[in-house]
Ligand SMILES: [Zn+2]
């Protein structure tokens, strides 16, 4: 029997226990607002394992956002030919603000995926559930 790889499950937002069920409804940049499913449709793993569990994802999301803003800041510096003076500050503000806005669905999704896959000792991959 073929096991689902952890990378595949991470990238595609699959359940950390069976790596088959979807954690979220809808697609990353779809027209519907994405929501976190209550539990896995495949193995019944609850995603919010205790009330308020996803508050922890805010810290992950914050760290991701900081890293992205720093990256965008450096990219702006690079692509503007090293301009960094009082007049060019608005470019940085615009790029970082718009970039953060565009990345917010990505951060929402991947902060929860990282929390469930890497930072939740109570949730473990169970090969017995990893079958159709
Ligand atoms: Zn599952």
> Rounded, prolate or oblate: which fits the stretch 72-125, taking a ≥ b ≥ c as square roots of the Cα gyration tensor eigenvalues, rounded meaning a/c under 1.5, else prolate when a/b beats b/c?
Replying inline: prolate
> Under a plain spin-label model, where a point goes 7 Å from the Cα along Cα-to-Cβ, how far apart in nm are residue 102 and residue 119?
Replying inline: 2.6 nm
> To the nearest 10 degrees, how steep is helix 55-79 against the longest Cα principal axis of the chain, on a 0 to 90 scale?
Replying inline: 40 degrees
> What is the packing order of peptides 76-86, 115-125, 50-60, taking the mean over residues of other C-beta atoms within 10 Å and listing the highest first?
Replying inline: 115-125, 50-60, 76-86
>> Taking the 0 to 90 degree range and rounding to the nearest ten, how far is the long axis of helix 89-118 tilted relative to the main principal axis of the chain, both from C-alpha atoms?
In response: 10 degrees
> Rounded to the nearest 500 deg cm²/dmol, what is the calculated helix-only ellipticity per residue at 222 nm for the chain, with -39500 (n - 2.57) per DSSP H run of length n ≥ 4?
Replying inline: -16000 deg cm²/dmol
> To the nearest 0.05, what FRET efficiency results for residue 93 and residue 28 with a Förster distance of 22 Å applied to their C-beta separation?
Replying inline: 0.25
> Taking one equal scatterer on every alpha-carbon of the chain, how large is log10 of I(q)/I(0) by Debye at q = 0.11, 0.14, 0.17 1/Å?
Replying inline: -0.49, -0.69, -0.89
> Which whole-number percent is the relative contact order of the chain (Cα, under 8 Å, 6+ apart)?
Replying inline: 34 percent
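We did not get these values from a lab; they are worked out from the coordinates using the rules stated. These figures come from a predicted structure and were not determined experimentally. For neighbour counting, all protein chains shown are included, and Cβ atoms are generated from backbone atoms with ideal geometry for every residue, glycine included.
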